[in-house]
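Report on one structure; see the data block that follows.
Since every read-out is calculated from the coordinates, none of them should be taken as a lab result. Here the structure is a predicted model, which is why all the values come from computation and not from measurement. Cβ sites come from the backbone with ideal geometry, for glycine too, and all protein chains shown count toward neighbours.
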Amino acid sequence: MQSTPMYWLIEVETYDFDIGVFKGADLDGKVLMLSNQLWSIIRGDTVYSMLIGPGVFKGRAKAKGRAIDVTEIIGGLMFDPSKLRLDEPLPEVDIVHPEVIDPLETGRTEEIVTIIRKVIVEHGNILPGQIIMKQHPEASVPMTAHAIDLAKKIHVSHVSGVQRAKFVLAGTNGPMYRLLVTHYQKRGFLSPDKVKVMSVPFKRFARLNDNEVMDDWMIVEKAGVEMQLGAEAYRTEFEEVMKSIERHEDKFIFEL
């Protein structure tokens, strides 16, 4: 059950959402969050998917001719995986091709052998091996170009996870990442009760005491290992993610 968090960057598009200012909004934007994995949660015969960990939603809501920008600090993203089918006209979350960044992935160097072609140009009468060009102008010294193929070992360095994370987060996703870092540095993620879960199936940002959204869920991947349910199971996983981030803070939290 030991794993380390990864950054997830996911497109969100949902409808009839309650954002507090007004209800029934068309909501679209992005979620950036840290989660150990994509979890499956089950309650009765209902199964949803969930990311658990510190995060940010940033997007735009439209309703009744009005539009407002929406930014919400979140601690989880809950959605219905059946909404991801290709024939579904109104996707709720696009996680078919999410950007998953592992800052703990270390750079590595590999040694490979490549063929380098060395081209030599000589004047005069020579006996080259592999002729590329031969020129013999009138009243001048002949010129011959020939090649020697050399096998040479070179070292190739692969980009580390931290470098890749900085590249992806520093550009257009920089505003979201700065919000996450600022909230983390203010110790705003220390208590999972203070951050909301973005619950797409229930069409709202819900707190842990929202019984309709949070009660009685079992994390499928932890069945038989942990017997916690609902908000308690969520809280335990959220705290595990935070402990891991704190242990490797320099990998996850950096200045842009």
Mean separation of Cα contacts under 8 Å, 6 or more apart, over the residue count of the chain: relative contact order %:
21
To test your reading of the geometry: what angle, between 0 and 90 degrees and rounded to tens, separates the Cα axis of helix 174-185 from the longest principal axis of the chain?
60
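Taking only Cα atoms of the range 1-120, what ratio of Rg to Rh do you get with Rh as the Kirkwood inverse-distance radius?
Details: Rg = 20.2 Å, Rh = 17.0 Å.
Here the Rg-to-Rh quotient is 1.19.
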Only Cα pairs under 8 Å and at least 6 apart count here; give the relative contact order of the range 169-256 as a rounded whole percent.
24
Here the range 31-41 yields Karplus 3J(HN,Hα) values (6.51, -1.76, 1.60; θ = phi - 60°; whole Hz; Gly and Pro given as x) of 10, 10, 7, 9, 8, 5, 6, 8, 8, 10, 10
Mind checking which of Gln185, Val197, Asn209 is farthest towards the positive end of the chain's charge dipole, using Cβ charges of +1 (Lys, Arg) and -1 (Asp, Glu) about the Cα centre?
Gln185
Quick calc: nm separation of the 7 Å Cα→Cβ label points for Ile112 and Gln163 -> 1.5
On average, how much area does the Cα convex hull of the chain cover when viewed from any direction, in nm²?
23.3
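Treating only the Cβ atoms of Lys and Arg (+1) and Asp and Glu (-1) as charged, compute the dipole magnitude of the range 126-227 about its Cα centre; round to the nearest 20 debye. Could you put the intermediate results ahead of the total?
Values: 14 positive and 9 negative charges, 99 e Å.
Its charge dipole is roughly 480 debye.
Sorted by packing (mean other beta-carbon atoms within 10 Å per residue), highest first, where do 26-33, 141-148, 68-75 land?
Details: 26-33: 20.9, 141-148: 14.6, 68-75: 17.2.
By packing density, highest mean first, the sequence is 26-33, 68-75, 141-148.
Of the listed pairs Lys23/Lys64; Lys23/Lys58; Lys83/Lys194; Lys30/Lys62, which have alpha-carbon separations greater than 19 Å here? Don't jump to the answer; show the numbers that get you there.
Details: Lys23/Lys64 10 Å; Lys23/Lys58 17 Å; Lys83/Lys194 29 Å; Lys30/Lys62 15 Å.
Violating the 19 Å limit, Cα to Cα: Lys83/Lys194.
Below 13 angstrom from the Cβ of Lys243, what's the summed charge of the other residues (Lys, Arg +1; Asp, Glu -1)? Could the numbers behind the result be given before it?
On the way: positive: Arg235, Arg247; negative: Glu237, Glu239, Glu240, Glu246, Glu249.
Neighbourhood net charge equals -3.
Is the range 18-76 rounded, prolate or oblate when judged by the Cα gyration tensor, a ≥ b ≥ c being the square roots of its eigenvalues, rounded requiring a/c under 1.5 and prolate requiring a/b larger than b/c? Spell out each step's value before the answer.
Values: a/c = 3.21, a/b = 1.62, b/c = 1.99.
It is oblate, given that a/c is not under 1.5 and a/b is not larger than b/c.
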Largest first and rounded to whole Å, the semi-axes √(5λ) derived from the alpha carbon gyration tensor of the range 95-218 read 67, 15, 15
Which order do peptides 34-40, 94-100 fall in by mean Cβ count within 10 Å, highest first?
34-40, 94-100
